[in-house]
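S.K.: Here it is, the structure in full.
The values are calculated or read from the model by the stated rules, or taken from the named source; none is laboratory data. Please read these numbers as outputs of a predicted model, since none were measured by experiment. Neighbour counts are summed over all protein chains in view; Cβ atoms, including those assigned to glycine, are modelled from backbone coordinates with ideal geometry.
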Amino acid sequence: MTLEQLSILNYKNIAEATLTFSPNVNCLIGDNGMGKTNVLDAIYYLSFCKSTTMQPDNMTMKHDSDVMMIQGHYTGLVDEKEVITCGLKRGQRKHFKRNDKEYKRLSEHMGLIPLVMISPSDSSLITGGSEERRRFLDIVISQTNPVYLEALIRYGKSLQQRNALLKQEDEPDWGLCEVLEMMMAADADIIYETRRKMVEDYCPIFQELYSKLCNNTHEEVSLRLESHGERGNLLPILQSWRERERIVGYTLHGPHKDNLDLTLNGYSIRKEGSQGQTKTYFIAMKLAQFLYLKSCGRCQTPILLLDDIFDKLDAGRVARIVDYVSGDDFGQIFITDTNREHLDSILDQTQRDYRLFSVSHGCVTEIPHESRS
C-alpha cells in the first residue's frame, strides 16, 4: 500500500492539513514539539486504529475541538484504491470506515495497511518490562495472522473474567472458572505456537540486519522466547494454582506473562549495551520487522515511518542506516528530523523521488524542490 494523500482535522496540535505524498521518500523537517511526530502518528492511526502513544482516543483530539478526523487515500499493488477514514466526536466512540463502509470490528482492519514505525520510544523494547516485548510480538504477528489476533482477543477477555472471579470476596463459581480456563488453554496453545514460529523465522533476519548496521563487527545478537508454553498445556497449571492465585487476585501463568530475552554477545543487552549499541539494537529489530512483514501474509511492502532516529548514533551507524533504507527493499518511507543534514544525506544517496515538508506549530507546508525524473 502507498499513502497518496492524508487529510487531518484537529488531530493533536494539527488543526487542518491536506498533504500529498511521494510514493517513495517523504521528509518532515522542524523543531521539536512542532508536530512532525503527530503527522506520523496520524498515519500510524490509520493502520492500527489507535495512536502509537496508546493514549485514549479523546486525548488525540485538539484541546479546543469537539471533533477529529483522519482520512487516507491509498493505492495498492494493482492500482486498487482504498479510502480509510476515522472520525470522532468528543465523548462518543470513534467510527472507522473502509471505502465509506464502517467496520463492525476494528480487528477486521488489522493487516490491511502494513506499517512499521521506528522512534526513540522504541528503546522501551530493551529498557521496559516484558509487556513492551509482548506488544512488539503482537503487533508484528497480528498484521499477518488473523487467527492469532482472534485467539489473542479471546484470551484477553477470558483472562479478564477469570481475574474478576479470583478477586471476588465470596467463593467464586469454580464451574465458570473451569470453562474460562479451558478456553484460555486452547487459545494459549495457538498464541504460543505462533509466537514460537515467528521468533524462529524472525531471529535470523534480525541477526543479519544488525550485523550490516554494525559493519560486520564481532557483536553477536540473539532473541529467545520465554514462555509458559515450554511447560506444556496451560489447563492443569491454571487448575493447580487456583487457590494461590485467589490470594493475589490475578492469574500468574499464561501467555500474558511471556517475554523476549534480548542478548548481545550472550549477555542481556539491557545490562551490557552501550547507548549506541542499544539504539542500533532496537532499530535493527524494527527494520527486521519490516522485512519479516514483507515476506509474510499478503506479501505487501509495509509503509516505513522513521521518527527522529539519528540522534545519539555515531556517523558510521547513521551512514549505514541511511544507505540501507535508501535501497530497493523499501517502498514508501516517511522520515522526520530536526537536522536538515541527516535528511540531505539520505536524499543525496537515493535516486528515488521525494517530497519535503516543513512543520511549525502544527502547520505543515511542502517545500518546493526540483523533481527527479
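S.K.: Out of (1) farther than 22 Å from Ile333 by Cα; (2) surrounded by 20 or more Cβ atoms within 10 Å (Cβ to Cβ); (3) free of Cβ contacts under 8 Å to residues at least 60 places away in the same chain; (4) aliphatic (A, V, I, L, M), the odd one out for Ala164 is which?
M.R.: (2)
S.K.: Quickly run through the stretch 1-39 and pick out the residues that are under 20 Å from Thr301 (Cα atoms) and either touching a Cys at 6+ places or on another chain (Cβ under 7 Å) or among the acidic types (Asp, Glu) (or both).
M.R.: Scanning the stretch 1-39 gives a single hit, Glu4.
S.K.: Thr52 fails exactly one of the following numbered conditions: (1) under 24 Å from Val140 (Cα atoms); (2) in contact (Cβ under 8 Å) with a residue 40 or more places away in the chain; (3) not in a loop (DSSP other than H, G, I, E, B). What is the number of that condition?
M.R.: (3)
S.K.: Is it the case that the stretch 215-226 has a residue that's under 30 Å from Ile113 (Cα atoms), part of a helix (DSSP H, G or I) and within 21 Å of the chain's Cα centre (by Cα)?
M.R.: Taking every residue of the stretch 215-226 in turn, none turns out to be under 30 Å from Ile113 (Cα atoms), part of a helix (DSSP H, G or I) and within 21 Å of the chain's Cα centre (by Cα).
To keep it simple, each residue is scored yes or no on (1) part of a loop (DSSP other than H, G, I, E, B); (2) aliphatic (A, V, I, L, M); (3) over 26 Å from Gly35 (Cβ atoms).
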residue: Gln71; (1), (2), (3): no, no, no
residue: Val78; (1), (2), (3): yes, yes, yes
residue: Thr85; (1), (2), (3): no, no, no
residue: Gln92; (1), (2), (3): yes, no, no
residue: Lys97; (1), (2), (3): no, no, no
residue: Ser124; (1), (2), (3): no, no, no
residue: Asn163; (1), (2), (3): no, no, yes
residue: Asp170; (1), (2), (3): yes, no, yes
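S.K.: Has the stretch 190-200 got any residue that is assigned to a strand (DSSP E or B) and at pLDDT 95 or above?
M.R.: No, the conditions are met nowhere in the stretch 190-200.
S.K.: Take the residues in the stretch 140-160 that are among the charged types (D, E, K, R) and closer than 19 Å to Lys257 by Cβ; name whichever of them is surrounded by the most Cβ atoms within 10 Å (Cβ to Cβ).
M.R.: Arg154
S.K.: State which residue is nearest to the chain's Cα centre (by Cα) when the search covers only the stretch 106-120 and only residues that are assigned to a helix (DSSP H, G or I) and either in contact (Cβ under 8 Å) with a residue 12 or more places away in the chain or crowded, with 19+ Cβ neighbours inside 10 Å (or both).
M.R.: Ranking the candidates gives Pro120 first.
Per-residue answers, yes or no, for (1) crowded, with 16+ Cβ neighbours inside 10 Å; (2) at pLDDT 90 or above:
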| position | (1), (2) |
| --- | --- |
| Lys279 | yes, no |
| Pro302 | yes, yes |
| Asp314 | no, no |
| Gln332 | yes, yes |
| Leu347 | yes, no |
| Ser360 | no, yes |
